[in-house]
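The values are calculated or read from the model by the stated rules, or taken from the named source; none is laboratory data. Model, not experiment: these values are computed from the prediction. Glycine gets a Cβ as well: all are built from the backbone with ideal geometry, and neighbour counts include every protein chain shown.
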Amino acid sequence: MNGVHDLGGTDGLGPVEVPENEPVWRAEWEKAAFALFPSSARAGLFGVDAFRYGIEQMHPATYLLSPYYEHWLHTTEHYAFKAGVIDEAELDARTHYYLQHPEEALPDRKDPELLAFVEAAVTQGAPARRESDKGPRFKVGDVVRVLDDSPKGHTRKARYIRGKTGVIDMAHGTFVYPDSAGNGGDEAPEHVYTVKFTNEELWGAQAAEPNGVVYFDVWEPYIVAATQHPGAAK
């Protein structure tokens, strides 16, 4: 994704204000929004990569000015409308009704299996590792460069690492490839590596904090072999 949703390395948005005692939930509705993710995933509406891509469909101004869990609501609605599970006009009517009748009780549904799934997903997550016969093209210690392209649709290749050179620090095996799964394709497992970049390589000698490094996980199609070690004279 090449829009405002890719905020890594972006400045000009003001300081990050961290409350001293930040609550887990800022409002009651956030609890319901949180629960929508695992329950909708169980229903087959989306996986985690498609979930992220749904958030990236938000209007840029709405995305930047809305709270975190509103993004979760947006992507759930996006895929529910797309699948025909929810009618948009009906949702608008129900929303209007509860705004007019805030004390009205919500529908009560008992689903022990769903509750057990949500509790397991929240506490344990869902592994993205997938077995593959594909052998790795790279190994720990290899110098690699991230492709400097602008892929259309969902990607986990952040803009601030594109075109940058680093060293493979860890090799993790094969995992779901988000650039396929997030865009409606197959899981298409690819090898994942942790690449170490120097601050100077990412931000330039004038702006970088000295002696620092950044570790970033990349999927194999993101990288190619590099002939020059980062930081070497160019």
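Only one entry of Y63, Y68, Y79 meets the criterion of being within 28 Å of K157 (Cβ to Cβ) and at pLDDT 95 or above, and that entry is Y79.
Scan the range 8-23 and give yes if some residue there is of a type outside the set (F, W, Y), on the phi > 0 side of the Ramachandran plot and touching a residue at least 24 places away in the same chain (Cβ under 8 Å), otherwise no. Within the range 8-23, one or more residues are of a type outside the set (F, W, Y), on the phi > 0 side of the Ramachandran plot and touching a residue at least 24 places away in the same chain (Cβ under 8 Å). Tell me, please, whether a residue that is out of contact with any strand residue (DSSP E or B) (no Cβ under 9 Å at 6 or more places or on another chain) and assigned to a helix (DSSP H, G or I) can be found in the range 174-192. Yes: the range 174-192 contains one or more residues that are out of contact with any strand residue (DSSP E or B) (no Cβ under 9 Å at 6 or more places or on another chain) and assigned to a helix (DSSP H, G or I).
Taking the criterion of being crowded, with 17+ Cβ neighbours inside 10 Å and in a loop (DSSP other than H, G, I, E, B), the only residue of the range 163-173 that qualifies is K164.
Only residues that are among the β-branched types (V, I, T) and under 21 Å from the mean Cα position of the chain (by Cα) were counted in the range 160-213, giving 6.
Tell me which residues, restricted to the range 88-134, are among the charged types (D, E, K, R) and surrounded by 10 or more Cβ atoms within 10 Å (Cβ to Cβ). Within the range 88-134, E88, D92, R94, D111, E119, R129, R130, K134 qualify.
Every residue, every condition in (1) closer than 17 Å to H5 by Cβ; (2) outside any helix (DSSP H, G or I); (3) within 21 Å of the chain's Cα centre (by Cα); (4) free of Cβ contacts under 8 Å to residues at least 24 places away in the same chain, yes or no:
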position	(1), (2), (3), (4)
R52	yes, no, yes, no
Q57	yes, yes, yes, yes
L64	yes, no, yes, no
H71	yes, no, yes, yes
R94	no, no, no, yes
E104	no, yes, no, yes
R109	no, yes, no, yes
A116	no, no, no, yes
V122	no, no, yes, no
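Candidates are the residues of the range 27-51 that are more than 13 Å from Y68 (Cα to Cα) and among the acidic types (D, E); the one that is surrounded by the most Cβ atoms within 10 Å (Cβ to Cβ) is D49. Reported count of residues in the range 137-152, each being surrounded by fewer than 17 Cβ atoms within 10 Å (Cβ to Cβ) and either charged (D, E, K, R) or in contact with a helix residue (DSSP H, G or I) (Cβ under 7 Å, 6 or more places away or on another chain) (or both), is 7.
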